[in-house]
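Right, one structure below, let's go through it.
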Amino acid sequence: MRRLAGVADVRAWGGPAVDLVFAGDRIASVVPHEPGALRRRVPEGEVLDGRGLLALPTIVNAHAHIDKSWLGLPWQSYGGEGGTDGRIQHERARRDELGIPSVERTAAVLDAHVRHGTTALRTHVDVDLGVELRGIEAVREAVAAYEGAVEATIVAFPQDGVLRRPGVLELLEAAAAAGADHIGGLDPASIDRDPVGQLDGIFAIAERHGVGIDIHLHDAAELGAFQLELIVERTARLGLAGRVNIAHGFAIAQLEAPRRTDLLQAMGELGITFTTVAPLRLPQLPLAELDAARVGFAFGTDGIRDLWSPYGDGDTLAIARQYARASSVVRDEDLQRVVELATRDAARFVGRDVHDLVAGARADVVLLDAEHAMDALVSAPRRAAVVGGGRLLHEEPSEGDHRG
């Protein structure tokens, strides 16, 4: 990881050529490009030649599971039963033999994310009676190897349920006390069969420790909407506005328009957000309606190459493209908006006030062989270079660059 003094000759967000000047892990200034000017400004530091490529803030993965992949191992054939509970049981049966969780497995996943332009992510890490907090420890060690160039926000995630496994609430409490950023939940109705009990338990932990909440909610239509209403009520009553996220939340797209509008309005007022992995078999979260209600949302890869599915490569921009195609997003302003959601506007999901190519932001930059943000979304081009906290993490050969 080479420390950079800046990146010269890039088109930030597709605009005119600029130089990005770094000071440590921050962008100190953004100035119009003049050949050789950045080198004269920082004669002792290394300058990366951006060669007129498109520059974006790095792609944020707002829903990952970097603790539970078999990436880097021989191919693992899909097995076990389908459905959420079937996948949980299959994973529990096989994870130990594959070294899940471990620093080695997590490091392989992080490398894949970084090569695809992600330097900041929110990852759910399994906390259960079998692994206790070992997964969180492995994730922290793997992230620490990047010496601050990559940052991970951790969700202590009860993948095997909360109330149906006595002792899990205590483990979640311990995770929060040990510094986890968020407490997770999982389908309070269909997994624990006690939505009130599960939500009361995890909201109480969040309130006591001042952490956030990030709940997996796969339950559909009215069952899902009922749980969203319970979440809204607790967020308001306990003063947790701005600290609650719904992962997946397919139900919101399956409701009649008036009901959906009312629910989104309530969520927007409380700063409750969504993250999506854009599953093709289900209705997508409604972009225009979410924006109208000021409900933030972001994209994630979910698990990649794990015991749930053999798919995934760590490319969150490809998930954003999948969402755009499945949502019939075609107009320039909407394509641009999807890229903003995958980068700049996902700052809140990784604990940042700003994540952009502006002075004062972290020096997290991805260079792409594309004309502008819309082109980058629809073509998902190679990531020519990835910079995290002012350090060069990935660089590809420069042959055949498209200069736009």
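To the nearest 10 degrees, how steeply does helix 316-326 sit against the main Cα axis of the chain, on a 0 to 90 scale?
70 degrees
Name the shape class, rounded, prolate or oblate, that the alpha-carbon gyration tensor gives for the stretch 48-207, where a ≥ b ≥ c are the square roots of its eigenvalues, rounded holds for a/c under 1.5, and otherwise prolate holds if a/b is larger than b/c and oblate otherwise.
prolate
Using alpha carbons only, how many degrees (0 to 90, rounded to 10) separate the axis of helix 134-144 from the longest principal axis of the chain?
10 degrees
Tilt of helix 195-209 relative to the longest C-alpha principal axis of the chain, in degrees (0 to 90, nearest 10)?
The angle comes out at about 50 degrees.
Using Cα pairs under 8 angstrom and six or more residues apart, how large is the relative contact order of the chain, in percent?
Value for the chain: 22 percent.
Please list log₁₀ I(q)/I(0) at q = 0.18, 0.23, 0.24 Å⁻¹ for the stretch 274-337, using the Debye equation with identical point scatterers on the alpha-carbon positions.
So the normalised log intensities work out to -0.68, -1.03, -1.10.
Distance from the Cα centre of the stretch 277-295 to that of the stretch 34-84, in angstrom?
Answer, in whole Å: 25.
Return the calculated 222 nm mean residue ellipticity for the chain, to the nearest 500 deg cm²/dmol, obtained by summing -39500 (n - 2.57) across DSSP H runs with n ≥ 4 and dividing by the residue count.
One gets -10000 deg cm²/dmol as the mean residue ellipticity at 222 nm.
What percent do you get for the relative contact order of the stretch 254-404 when only Cα pairs under 8 Å and 6+ apart count?
Reported as a whole number, the value is 15 percent.
Pulled fully out, how much extra length does the chain show between Val354 and Tyr311, if you take 0.36 nm times their separation in residues and subtract their Cα-Cα distance?
Answer, rounded to one decimal: 12.3 nm.
Within 10 Å of each residue's Cβ, count the other Cβ atoms and sort Ile66, Ile88, Ile231 from fewest upward.
Ile88, Ile231, Ile66
Using the Cα gyration tensor of the stretch 60-350, with a ≥ b ≥ c the square roots of its eigenvalues, what is the shape: rounded (a/c below 1.5), prolate (a/b larger than b/c) or oblate (neither)?
rounded
Take Arg39 and Ala257, extend 7 Å from each Cα along the Cα→Cβ direction, and tell me the distance between the two endpoints in nm.
A separation of 5.9 nm, rounded to one decimal place.
Which listed residue (Ala55, Gln254, Pro188) has the Cα farthest towards the positive end of the charge dipole for the chain, taking +1 on Lys and Arg C-beta and -1 on Asp and Glu C-beta about the Cα centre?
Farthest towards the positive end: Ala55.
Mind checking the dipole of the chain: about its Cα centre, +1 per Lys or Arg Cβ, -1 per Asp or Glu Cβ, Debye to the nearest 20?
It works out to roughly 480 debye.
Considering the chain as a Gaussian network with a 10 Å cut-off on Cα pairs, which listed residue, Val131, Val211, Val295, attains the greatest mean-square fluctuation?
The residue that fluctuates most here is Val131.
Values in this text are rule-based calculations from the coordinates and carry no lab data. Quick caveat: nothing in here was measured; it's all calculated off a predicted structure. Methodologically, a virtual Cβ is constructed for each residue, glycine included, from the backbone with ideal geometry; neighbour enumeration extends over all protein chains shown.
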